[in-house]
């Protein structure tokens, strides 16, 4: 797989009141991405921060995505929580609805929905959760894309249902031999050039190397990096420049043929 156009997404608005988790300001990150996953209040985010982040993205022409998580401010949504499929889906509905109203305020729409952290991983692995999530999207947000891993139940079920869905490649996370990301709560600072080379190879060859030294196939329409990974502005800038230098266009998901 070789890609000529790709989206770059990043999690933004990840704070609460005076507290901020990101390694960089959203005003810096917004210059490096084409789509923003905006925290919706459960794992991070508050009304004022959501409003500012939506406004910033709207002003830059960056695609706006809802980034709902588990109700886990203390653990930043990276701790697994229990609940029925209906309860978890209702939490997602609540959060997406909040972001949608801020988007409406600035005359833009919610381009995509991407669950956060442990919720993302739990939905990816669960057929029941994925079906509940996709059914909700089909009813209330039929034009909003779902952003997920290609090997997930989410992707399979969204495709079956005919719902728009995009796969992502994690620039700053490792992959295991199954094609799943290696979950981490505290990422180390990556080497900017090594990361840029890894992402470029994934785009040109459709391959990524696991920590065990195995090359696996990977297909995607979007590249994700995390705002709380140390050095994110430096490595994301290097990655973006490397892609452009090699003739790969960067554009929001709404401009990419899925």
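Can you tell me which residue among 133, 102 is assigned to a helix (DSSP H, G or I) and farther than 26 Å from residue 179 by Cβ? Even if it seems obvious, please write down each step before you answer.
On the way: 133 fails: farther than 26 Å from residue 179 by Cβ.
Result of the check over 133, 102: 102.
Filter the range 139-150 for residues that are over 17 Å from residue 254 (Cα atoms) and touching a helix residue (DSSP H, G or I) at 6+ places or on another chain (Cβ under 8 Å); which is surrounded by the most Cβ atoms within 10 Å (Cβ to Cβ)?
Filtering the range 139-150 for residues over 17 Å from residue 254 (Cα atoms) gives 139-140, 149-150.
Subset that is touching a helix residue (DSSP H, G or I) at 6+ places or on another chain (Cβ under 8 Å): 140, 149.
Values: 140: 12, 149: 23.
Filtering the range 139-150 for residues that are over 17 Å from residue 254 (Cα atoms) and touching a helix residue (DSSP H, G or I) at 6+ places or on another chain (Cβ under 8 Å), the one surrounded by the most Cβ atoms within 10 Å (Cβ to Cβ) comes out as 149.
From the set of residues in the range 248-258 that are assigned to a loop (DSSP other than H, G, I, E, B) and closer than 30 Å to residue 44 by Cβ, which is modelled with the lowest pLDDT?
Among those residues, the one meeting the criterion is 258.
Working only within the range 158-185, note down all residues that are closer than 27 Å to residue 241 by Cβ and modelled with pLDDT under 95.
Step one: list which residues in the range 158-185 are closer than 27 Å to residue 241 by Cβ, which gives 166-175, 181-182, 184.
If the condition is that a residue be closer than 27 Å to residue 241 by Cβ and modelled with pLDDT under 95, then 172, 173, 174, 175, 181, 182, 184 are the ones that fit.
Of all residues in the range 210-247, count the ones that are in a loop (DSSP other than H, G, I, E, B) and under 25 Å from residue 38 (Cβ atoms). Step through it out loud before you land on a result.
So the first thing to find is which residues in the range 210-247 are in a loop (DSSP other than H, G, I, E, B), and the list is 210-214, 218-221, 226-231, 246-247.
If we keep only those that are under 25 Å from residue 38 (Cβ atoms) too, we end up with 220-221, 226-231.
Summing the residues that are in a loop (DSSP other than H, G, I, E, B) and under 25 Å from residue 38 (Cβ atoms) in the range 210-247 gives 8.
If I go through the range 136-177 residue by residue, how many of them are over 13 Å from residue 124 (Cα atoms) and in a loop (DSSP other than H, G, I, E, B)?
13
Please work out which residue is surrounded by the most Cβ atoms within 10 Å (Cβ to Cβ), limiting yourself to the range 218-258 and to residues that are over 14 Å from residue 4 (Cα atoms) and out of contact with any helix residue (DSSP H, G or I) (no Cβ under 9 Å at 6 or more places or on another chain).
Of all residues in the range 218-258, those over 14 Å from residue 4 (Cα atoms) come to 218, 224-239, 241, 254.
Checking which are out of contact with any helix residue (DSSP H, G or I) (no Cβ under 9 Å at 6 or more places or on another chain) leaves us with 224, 228, 230, 254.
Details: 224: 23, 228: 18, 230: 15, 254: 17.
Filtering the range 218-258 for residues that are over 14 Å from residue 4 (Cα atoms) and out of contact with any helix residue (DSSP H, G or I) (no Cβ under 9 Å at 6 or more places or on another chain), the one surrounded by the most Cβ atoms within 10 Å (Cβ to Cβ) comes out as 224.
The values are calculated or read from the model by the stated rules, or taken from the named source; none is laboratory data. Note that the coordinates shown come from a computational prediction; the quantities given were computed from them, not determined experimentally. Ideal geometry is used to build each Cβ from the backbone, glycine not excepted, and the neighbour counts take in all protein chains shown.
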